[in-house]
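Remarks on the structure that follows.
FYI, it's all coordinate maths here, none of it is from the lab. Note that the structure is predicted; figures quoted are calculated from it, not measured. Cβ sites come from the backbone with ideal geometry, for glycine too, and all protein chains shown count toward neighbours.
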Amino acid sequence: MRRTLWSLAAAVALLAALLGVRQWGALFATSSRYVFDTAAAASITRLEVSLAGDSVTLVKKPAKGGGLWVVLPDSFPVDTARLSFALARVLRLEDKELVSKSSSESRLAEFGLTPSERKVIRWSGAQGASTVVHLGHTSGTDFNSTYWKRPGSAEVYRTPGNFTHEIGVFARDWKDKSLFPAFAPEDVRSLEVRWDDTLGRAVYYALTAERDSTYRLASPDLAGPVIMPRPTATSLVAAAAGLAFDETPDHDDPERGLADVDSPSVMIKVTLRDGASHALVTGGRSGISYYLRHPVHRGVGKIFQNRVAPFLKTPARLRLPVPDLSRLPAGEVEIQTIGEPGDP
């Protein structure tokens, strides 16, 4: 009998403990709710970010226009990963930790929330109603939280996360830099390249991946197709898989017209094993960058010369065997550049 009573008492104690944990968990969940409805991200159609005299506006096109997010004023497609990150951060702001109720300029300066320092974030949906918050700088206490406040209120809060710097105020901060849908080097079936050397001579070559993992190189400058050194070929297809805009100039960039020259300086065409093909055609060059238009939406971007440089070789250079420097004794490695007149 006594053992039964002890067992019953233990069961009651365990049940009480479980109920207590559940109630505590519910209380914790309630207390950690975000200020805004995180599900509202899907209904947002406009985002504005400003800091002092700089600002950027992103809008979502109507469904009949593709439902795509673009950067104004040139309607350049938005980097959706960056946009998702920004919306997730601002919709997950927390107001559990109040750090100040003072509206004095000196006090706001401690949090980076003066008019000249704060980032103003405004978002709205299709109905037009907008929400505004002010973001300050990262907390110096833990370097992993951010100060923020509502406009018209003196209350300043600290919310988890170091993210203010990720929410840009320039159009170029938001533009999608990808040129093609992502693909792996092993997905490449062929690669064609045409470029003009410094003497104005056109150079053309094509490499094709064979089923036996070899690559064939063909060009009008060769008597016939030849087997291409595999290290050279694999480095080229890897470079092709990594092609992307390095910069997206602003709409008022005075050199944007270089993207529309009559005689393209470099053409790179990639054909994949599934039959899809992607082409990059550069316009004029300024300094270390080529200007070009996106192959699909025709927005203007810039690509650095060193990203294009691996392709700017003659067929004669591409077919040269790659020396195995690992077999040379230490201290006896000497690298020489083998070129031809007109090579870049």
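A few comments on the model shown:
- Length added when fully stretched, GLU105-PHE304, from 0.36 nm per residue minus Cα-Cα: 67.3 nm
- Potential lengthening between ARG189 and SER277 on full extension [0.36 nm per residue; Cα-Cα distance subtracted]: 30.7 nm
- For VAL266, the residues 5 or more places off, or on other chains, whose built amide H falls under 5 Å of its own are THR282.
- For a straight C-alpha distance cut-off of 27 angstrom, the lysines reachable from LYS149 (same-chain residues fewer than eight places away being disregarded) are LYS60, LYS96, LYS101, LYS119.
- For region 166-180, backbone phi angles converted through the Karplus equation (6.51, -1.76, 1.60; θ = phi - 60°) give residue-by-residue couplings of 7, 9, x, 10, 10, 4, 5, 5, 10, 6, 6, 8, 6, 9, 10 Hz, Gly and Pro being listed as x.
- Placing pseudo-labels 7 Å out from each Cα toward the beta carbon at LYS64 and SER116 gives an inter-label distance of 4.8 nm.
- Qualifying chymotrypsin sites (Phe, Trp or Tyr not before Pro) in region 80-141, where qualification requires a DSSP coil assignment and no more than 11 other C-beta atoms within 10 Å, are lacking entirely.
- FRET efficiency estimate (nearest 0.05) - Cβ-Cβ, SER153 to LEU72, R0 22 angstrom: 0.15
- In nm, spacing of pseudo-spin labels at TYR204 and GLU166 (7 Å Cα→C-beta vector): 4.7 nm
- For region 52-78, the residues whose backbone nitrogen is under 13 Å from a point 7 Å from the Cα of SER178, taken along Cα to Cβ, are 77-78.
- Cα gyration tensor shape of region 38-173, rounded if a/c is under 1.5, else prolate or oblate by comparing a/b with b/c: prolate
- Per-residue ³J(HN,Hα) for region 73-88, Karplus 6.51 cos²θ - 1.76 cosθ + 1.60, θ = phi - 60°, Hz, x for Gly and Pro: x, 9, 6, 6, x, 7, 6, 5, 5, 5, 5, 4, 4, 5, 5, 4
- The gain in end-to-end length when the HIS251 to SER43 segment is fully stretched comes to 72.1 nm, 0.36 nm per residue minus the alpha carbon separation.
- A straight line joining the Cα centroids of region 189-207 and region 66-113 runs 46 Å.
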